[in-house]
Amino acid sequence: MAEGEKSIRWKMQQERLARVANQKKVRRVRVNPKNDVLRKTLIHPINKIAFPADSGSVEWPYDDFTKRRLRDGDVTLEGEIEQQERHAQRARDRRRGKDEAESTPQS
């Protein structure tokens, strides 16, 4: 090996570090369990993240396991319930506005 030349091992380490740095970061989401039975039994298999015993949500990686639990209805996204309520309230408000517009006499 010539003077100042890096070793093969060093080059391999640098390549590995570059691959790790370029890996896609997994998005994380906060989820709530559907009921207390699932709160006690449901654990994310990769990170072994369980729900708190009493109440509250946990942060899980947004991976296939989490997507499947969301699709099955076993967990819900935190804030999703509030978002659904806001959406329903806006829809009710729009209907009320339309009803009021129809009930007022037009000149």
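Every read-out reported here was derived from the displayed coordinates using simple, explicitly stated rules and does not represent laboratory data. Since this is a predicted model, take the numbers as computed values, not measurements. Every residue, glycine as well, gets a Cβ built from its backbone with ideal geometry; the counts of neighbours run over all protein chains shown.
Odds and ends about this structure:
- Across the options 91, 75, 65, the greatest Cα extent toward the positive end of the charge dipole of the range 26-101 (unit charges at beta carbon of Lys, Arg, Asp, Glu) belongs to 91.
- Full-stretch length increase - residue 67, residue 5 - with 0.36 nm per residue and alpha-carbon distance subtracted: 17.5 nm
- Phi-derived couplings, Karplus 6.51 cos²θ - 1.76 cosθ + 1.60 at θ = phi - 60°, listed residue by residue for the range 30-42: 8, 10, 10, x, 5, 8, 5, 5, 5, 4, 7, 9, 7 Hz, with x used for Gly and Pro.
- Principal axis box of the range 26-101, alpha-carbon based, largest edge first, Å: 55, 28, 17
- The count of lysine pairs in the range 26-101 whose Cα atoms are under 21 Å apart, excluding pairs fewer than 8 places apart on the same chain, comes to 5.
- Cβ crowding within 10 Å averaged over residues, with 37-43, 18-24 ranked highest first: 37-43, 18-24
- Using the Cβ-Cβ distance between residue 24 and residue 49 with R0 = 22 Å, the FRET efficiency computed as 1/(1 + (r/R0)^6) comes to roughly 0.65.
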